[in-house]
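The values are calculated or read from the model by the stated rules, or taken from the named source; none is laboratory data. Small disclaimer: the values here were computed from a predicted structure and weren't measured. Here the Cβ positions follow ideal geometry from the backbone for every residue, glycine too, while neighbour counts run over all protein chains shown.
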Amino acid sequence: MDDQNFEVLEEKIDQVLSMLSRLKTENRELQQKNTELQSVVDEKEKTIQTLKSEYEHYHEMQTEIETYREKQDRIRSKVETLLQKLKEFEDIQ
């Protein structure tokens, strides 16, 4: 090998080392960004879980409210029926 071949080889090796250094730096930056984004995702997942839990709670409350309304309607109907019967009884006397 002559000097020119060694120079070309040395240049190629320098290019590879430079590229390797850039890639390592880029990899560290991407890992950091990935860590940051994972933290954001984790926080969003917690928020979603909290919202799901609240939704389930509110849904249960809505079901309970509906049950109470139905009971209230039945009671109102019975009271109205009883009042009507009392009125009829008063009218008879």
Exercise. Here are some residues: E11, E26, E7, E36. Which one is charged (D, E, K, R) and under 25 Å from the mean Cα position of the chain (by Cα)?
Worked result: E36
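Would you mind stating whether L86 is part of a helix (DSSP H, G or I), surrounded by 10 or more Cβ atoms within 10 Å (Cβ to Cβ) and modelled with pLDDT under 95?
Against the criterion (part of a helix (DSSP H, G or I), surrounded by 10 or more Cβ atoms within 10 Å (Cβ to Cβ) and modelled with pLDDT under 95), L86 qualifies.
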